[in-house]
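The next block holds one structure in the form of structure tokens; read it before the comments.
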Amino acid sequence: MHSNEFKDLVILHQNRLFRLAYWMLQNREDAEDLVQEVFAKLWKMKTELPKYNSVEALLITITRNMCLNRIKKKKLMQVDEPTESVRSPILNPHDKLEYKEDQRLVSNAILQLPELQKVILHLKSVEGLEIKEIAQLVGESENHVRVTLSRARKKVREIVQNHFNYGKTSVRSTA
Amino acid sequence: MEKQALDQLLKKYYDGKSSADEEDQMAQLLKSSDDPEYKADRVIAEFVETNMEMNAPAGFEEKVMGDIDNETSNTRSVRLWPLLSGIAASILFGVLIFSIIYNQPSKVITTADQKAVTLSDGSRVTLNRNSELAFAKSFGDSERLVSLSGEAFFEVTPDPEKPFVITSGNSKVQVLGTAFSIRNYEIDTEIIVSVTSGRVGFSSLDGAAAVELEKNETGTLVKKTNGISITDRPRANSLSWKTRELTFNDQKMTEVIPDLEHYFDISIKLENEDLLQCHFRGSFKDPTLKDVIEVLEYSLNLSFEYDGKQYILKGSGCSSHEL
């Protein structure tokens, strides 16, 4: 496979993968790094790509696995520094402080979700996929996807609401 | 009124039962409301929206492709070594012997097995059983010429200067660099080319019929007439022999049976023509014949018998309303 073909087949999905990695890690630099690793990995297995029915599904699977590994590694490294994992997503100095703080709350809530909940919430909310498509991509039944989605949404709301109820200073207290 | 509508939408949303339209509507209502009751929902909706608008950073593609191209040129220089040692050897044996060895056509033949060959230009060819690939050990200056009988999957190294040309029976396939398969067994009445990536020129040897195939297209040359037709979807199971996967999407038995015969190298006879009315849906990973037979017998209420030479399919068949 030539690099141009690789571009058409694989790199085409860069924005989507970046959004997924960003959602899973809630950190821009990490997401950038990771997507680059994903592409390097795909390039190494380029001769096998024609075997796969959907390159997109393959990319999503690989990205998920690599995010999981990274999160595990980070957790191991950051035993003493739990607050590090709660980084702010998009730092725009012009945003109001309160707005930023609110967004960080959601970011923090997402980081606390189990992996499958995170992925399904992402594919539904950010990518706007149908339940059926998500079920195919993650290899779960439609019903299970729906239940997991509901759990993820409720969990995020619960965490955010709790913070509002108990005051904003506790943003960094969860791990 | 609006609050009631919003509450209803939120309930659906949190139960995972809302449609895309309802979610849009909900986001709109949340945006226009400043009711503190919905603050968490509003903040979450804003967060999601920011994420939707996010893209990979500017210049990301160039960065990735730069890394990849660097790596490619590295591997290319590594591949020079076998060539260099070949040249060193030729000095020992003399230029004459060198030219004889490297210009002689060579052949790869498979019987019951499959084989993968890497040609001198780095192109890879995977041969299915009972196939034969003939090629020059080193290609000429103007084109890379090979010939095939049987079935093979080609991954051709791009070289815009030297087209890769395959002749097979009375057909000719010409490419610059892509991946595709060709099927042309002697007993086949057609020559089939299925394109996995890139573009492929497919013509009859006499040039009377010529088409250009794109990714996922299948070209079929009927040997008797030399005419070529194109279908714009990948032929199901055209690469099964290589991927070891068989998939049937509610296919008619007229398609299922030839695929099975080809995959397992068997012959299947129908006891009752009505069996052709049956449809079958199912997919298998590296199946044995027994695996497939069991599923077929179970789902279509038929039976297979082996008479020592071929399989005979028995059953009452399917009327049109049954699957």
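Inter-part distance, the stretch B:249-323 to the stretch B:144-195, computed on C-alpha centroids, equals 31 Å.
Which of rounded, prolate or oblate describes the stretch B:156-260 when judged by the alpha-carbon gyration tensor and an a/c cut-off of 1.5? Before the final figure, lay out each step's value.
Numbers: a/c = 2.03, a/b = 1.36, b/c = 1.49.
Taking the square roots of the gyration eigenvalues as a ≥ b ≥ c, the stretch B:156-260 is oblate.
For chain B, a Gaussian network of Cα nodes joined below 10 Å ranks B:Pro57, B:Pro160, B:Pro36 by mean-square fluctuation, and the top entry is B:Pro36.
Kindly provide the helix-only [θ] at 222 nm of chain B, computed as the sum of -39,500 (n - 2.57) over DSSP H runs of four or more divided by all residues, to the nearest 500 deg cm²/dmol? Working shown, then result.
Values: 8 runs with 111 residues, N = 323.
Helices in chain B give a 222 nm mean residue ellipticity of -11000 deg cm²/dmol.
When nucleic acids and ligands are ignored and a 1.4 Å probe is applied, B:Val48 ends up with an accessible area of around 20 Å². The fraction of all Cα pairs in the stretch B:104-231 landing in successive 10 Å bins from 0 to the largest distance is 14, 48, 34, 4, given as whole percents.
With contacts defined as alpha carbon pairs under 8 Å and 6 or more residues apart, what's the relative contact order of chain B in percent? Before the final figure, lay out the partial values.
On the way: 527 pairs, mean separation 23.5, N = 323.
This gives 7 percent for chain B.
Relative to the longest principal axis of the Cα atoms of chain B, the long axis of helix B:2-14 makes an angle of roughly 40 degrees.
By the gyration tensor of its Cα atoms, with a ≥ b ≥ c the square roots of the eigenvalues, what is the shape of the stretch B:2-52: rounded for a/c under 1.5, prolate for a/b over b/c, or oblate?
Working: a/c = 1.59, a/b = 1.04, b/c = 1.53.
Verdict is oblate for the stretch B:2-52.
Sparse packing (at most 16 other Cβ atoms within 10 Å of the Cβ) combined with a DSSP loop state is found for the following GluC sites (Glu not before Pro) in the stretch B:1-72: B:Glu53.
Can you tally the lysine pairs in the stretch B:243-323 where the Cα-Cα distance is under 19 Å and the two residues are eight or more apart, or on different chains? So the count works out to 7.
Mean per-residue shielding of peptide B:52-58 is 6, counting Cβ atoms of other chains within 10 Å of each Cβ.
Before anything else, pin down the relative contact order of the stretch B:244-314: Cα pairs under 8 Å, at least 6 apart, normalised by residue count, whole percent.
Taking the mean separation of contacting Cα pairs over the length of the stretch B:244-314, I get 40 percent.
Top to bottom by accessible area (1.4 Å), largest first, where do B:Ile230, B:Ile192 land?
Numbers: B:Ile230 80, B:Ile192 20 Å².
Ranked list, largest accessible area first: B:Ile230, B:Ile192.
Straight-line cross-link reach from A:Lys46 at under 18 Å between alpha-carbon atoms covers these lysines, not counting any fewer than eight positions away in the same chain: A:Lys7, B:Lys215, B:Lys242. Listed by chain and number, the lysines whose C-alpha is less than 20 Å from the C-alpha of B:Lys224, apart from same-chain residues fewer than 8 away, are B:Lys172.
Neighbours of B:Lys285, meaning other residues whose beta-carbon lies under 9 angstrom from its beta-carbon, give a summed charge of -1 when Lys and Arg score +1 and Asp and Glu score -1. The residue among B:Asn170, B:Ser120, B:Ile187 whose Cα reaches farthest toward the positive pole of the charge dipole of the stretch B:104-231, with charges on the beta-carbon of Lys, Arg, Asp and Glu, is B:Ile187.
Can you give the average number of partner chain beta-carbon atoms within 10 Å of each beta-carbon in peptide B:64-70, as a whole number? Write out the running numbers ahead of the final one.
Working: counts 12, 7, 1, 4, 11, 1, 0.
Shielding by partners across B:64-70 averages 5.
Once both axes come from the Cα atoms, what is the angle between helix B:253-264 and the longest principal axis of chain B, in degrees from 0 to 90, rounded to 10? The two axes meet at around 50 degrees. Summarising the amide proton neighbourhood of B:Ser106: residues at separation of 5 or more, or on other chains, whose placed amide H is nearer than 5 Å comprise B:Phe135, B:Ala136, B:Lys137. The lysines within cross-link reach of B:Lys31, meaning a Cα-to-Cα straight distance under 25 Å and a gap of 8 or more places when in the same chain, are A:Lys96, A:Lys100, A:Lys118, A:Lys124, A:Lys154, A:Lys155, A:Lys168, B:Lys3, B:Lys11, B:Lys12, B:Lys17, B:Lys39. Take each residue in A:1-13, count the other chain C-beta atoms within 10 Å of its C-beta, and the mean is 5. Its Cα centre serving as origin, the stretch B:1-61 has a Cβ charge dipole (Lys and Arg +1, Asp and Glu -1) of approximately 180 debye. Take the alpha carbon gyration tensor of chain B, find the square roots of its eigenvalues, order them as a ≥ b ≥ c, and report rounded if a/c is under 1.5; if not, report prolate when a/b exceeds b/c, else oblate. Oblate shape, in that a/c is at least 1.5 and b/c is the bigger or equal ratio.
The values are calculated or read from the model by the stated rules, or taken from the named source; none is laboratory data. Everything numeric in this text was worked out from a predicted model, so none of it was measured. Methodologically, a virtual Cβ is constructed for each residue, glycine included, from the backbone with ideal geometry; neighbour enumeration extends over all protein chains shown. Areas reflect the complete protein model, heavy atoms only, side chains present, ligands, DNA and RNA absent. Shrake-Rupley method; radii C 1.70, N 1.55, O 1.52, S 1.80 Å.
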